[in-house]
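Quick notes on the structure that follows.
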Ligand SMILES: Cc1cc2nc3c(=O)[nH]c(=O)nc-3n(C[C@H](O)[C@H](O)[C@H](O)COP(=O)(O)OP(=O)(O)OC[C@H]3O[C@@H](n4cnc5c(N)ncnc54)[C@H](O)[C@@H]3O)c2cc1C
């Protein structure tokens, strides 16, 4: 028997959430990190409702609520200052019962997730420990780990490498990253603004799509404000990070008397994705598997989607509730999703980053003309792609592979979110007007280790805002089979079709 069922390399935000998800299921897990402490400044500043629901599933709703605020609209100004695009929040009722887009304070949330990971008895956390070697056979993975005292060797049935953009594991395994064609130097500047500074700054987030120097301004939590400013050819990244140069760039908005410079760091914004996400018993996740420009604030979100996707599959395999082939769906599902979303992010980056003044004005004319003269606000979440491969029904219904909604539920103690009332896992959700599932369907759900969630007054599960009712009506469905990571396996319009759908899932699990 291996020392651990799963070893996680890297206790960054992605590794920490993976540790909690495995710990919640009682999986014997080791998580190591070279660093003793978390980085005390935020890199990610935005996350979305899908991630909030993942954190909620771990019991971290309150930890998120204390460090998150609504993401303001993003207004895109063109070469001559005209509004050319506007991204906004989805309207209420919010489909996941969480704010669709949030800004948050990464170190605060990361610290809370780490503390939470410590509460699981099956999770061992080893800080100041660095992976230096990896080898595997058909049964387990052998890891060489170094710490201040020396070197040790441990074994694990599976490994998740969440060791960041320069992943040692990925390099040791020789897993290549594919370049999706984006490579630009940008300067990221964080300030803590004083009241007079806040008054001078824009009251929404802004994309300055200006050919001389494209730039992004984000209203973060509290008095934290961020700029991402593109560097021009010939500008030296290290020089541009220096406070005198940063303040020169910020002088358009504020002066040193208005704010404290918290951090300035030059990055190359890349669009990279792993060709293979699995080698035998080792999986890569988070920045180790992909990197994308931060224009939609999705880098960390993508990493947390990775581990939400992988964790339930590993848990099932370890507990004998699925065959190894389920693990093969991880790479195609996440790789396809990351590629599609990175394409959208690159498109936005291309819009923002046009350096040719003539082409920038043509872009502005085109976008304004396409909008019929008035730029309508587009909800950010409408840009999110669906899963189109892997553990999903063969019936390509439009709802398949999308994120299933989570409504507010009326309960005796006030409104509560669906997952808090009904739980997660594999579940068949039946619409308020659907026929009650018969015995065959009940048995089929038991066979896949799932539950049935029945809406309606008879079951006592009544939603506040009609989110499920409207979703089912939109998709002409009465039943939805939902995966533990909240993605829709498939939908069915009647009980017979729901039975077939459940049996299809069973056949893919064995
Ligand atoms: C400027 C900027 C802005 C961003 N904005 C956003 C945003 O708004 N929204 C968003 O979702 N994302 C954003 N991101 C992306 C986000 O910050 C990253 O995707 C996320 O932090 C990656 O988390 P991770 O856990 O995969 O990797 P990391 O946070 O890099 O963690 C990796 C961990 O692995 C450890 N490690 C490495 N090698 C070893 C080893 N050999 N042995 C043991 N431990 C090891 C490291 O010490 C580290 O703790 C942004 C990124 C940048 C740079």
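Computed from the coordinates by the stated procedures, all read-outs in this text should not be read as laboratory data. As the structure is a prediction and not an experimental result, all values here were calculated from the model. Note: ideal-geometry Cβ built from the backbone for every residue, glycine included; neighbour counts use all protein chains shown.
Residues within the reach of a label modelled at residue 377 (point 7 angstrom out along Cα to beta-carbon, backbone nitrogen below 12 Å), restricted to the stretch 77-92, are 86-92.
Return the equivalent ellipsoid semi-axes of the stretch 125-223 as a descending list in whole Å, where each equals the square root of 5 times an eigenvalue of the C-alpha gyration tensor.
Output for the stretch 125-223: semi-axes of 44, 20, 11 Å.
For the stretch 59-117, the spread of Cα positions along the three principal axes, ordered from largest to smallest, is 49, 27, 14 Å. Full extension of the chain between residue 451 and residue 83 yields a length gain of 127.6 nm, computed as 0.36 nm times the residue separation minus the alpha carbon distance. Projected over all directions and averaged, the alpha-carbon convex hull of the stretch 268-338 occupies 4.6 nm².
Which value at 222 nm does the chain reach when only helices count, each DSSP H run of 4 or more adding -39,500 (n - 2.57), with the total divided by all residues and rounded to the nearest 500 deg cm²/dmol? Please list the in-between numbers first.
Values: 15 runs with 157 residues, N = 510.
The helix-only estimate for the chain comes to -9000 deg cm²/dmol at 222 nm.
Both numbers refer to the Cα atoms of the chain; Rg and Dmax are 23.6, 72 Å.
Using Cα-Cα distances under 8 Å and only pairs 6 or more residues apart, what relative contact order does the stretch 408-509 have, in percent?
Working: 158 pairs, mean separation 31.1, N = 102.
Relative contact order of the stretch 408-509: 30 percent.
Mean separation of Cα pairs under 8 Å and 6 or more residues apart, divided by the residue count, gives the chain a relative contact order of 16 percent. Put simply, the stretch 408-509 fits an ellipsoid with semi-axes of 22, 14, 12 Å; these come from the alpha carbon gyration tensor as the roots of five times its eigenvalues, largest first. So what does the Cα-only Debye profile of the stretch 191-269 read at q = 0.22 Å⁻¹, as log10 I(q)/I(0), no solvent term? Debye curve over Cα of the stretch 191-269, log10 I(q)/I(0) at q = 0.22 Å⁻¹: -1.11. Shape of the stretch 304-392 from its Cα gyration tensor (a ≥ b ≥ c, root eigenvalues): rounded if a/c is under 1.5, otherwise prolate when a/b > b/c, or oblate? Prolate shape, in that a/c is at least 1.5 and a/b is the bigger ratio.
What share of Cα pairs, in percent, lie more than 27 angstrom apart in the stretch 269-427? Please list the in-between numbers first.
Details: 5216 of 12561 pairs.
The calculated P(r) of the stretch 269-427 puts 42 percent of pairs beyond 27 Å.
The distance between label points at residue 435 and residue 142 comes to 5.9 nm (points 7 Å beyond Cα on the Cα→Cβ vector).
So how far, in whole Å, is the C-alpha centre of the stretch 229-268 from the one of the stretch 1-67? Here the two parts' Cα centres lie 32 Å apart. Pairs of Cα atoms nearer than 8 Å and 6+ residues apart set the relative contact order; for the stretch 246-343 it is 24 percent. Using alpha carbons only, the radius of gyration of the stretch 457-497 set against its Kirkwood radius gives Rg/Rh = 0.98.
As a proxy for reagent exposure, 463, 146 were ordered by neighbouring Cβ count within 10 angstrom, fewest first; the result is 146, 463.
Classify the stretch 408-461 as rounded, prolate or oblate from the Cα gyration tensor: take a ≥ b ≥ c as the square roots of its eigenvalues, call it rounded if a/c is under 1.5, otherwise prolate when a/b beats b/c and oblate if not.
Numbers: a/c = 3.04, a/b = 1.54, b/c = 1.97.
The shape class here is oblate.
On the principal axes of its alpha carbon atoms, the stretch 1-143 extends 63, 34, 31 Å, with the longest extent given first.
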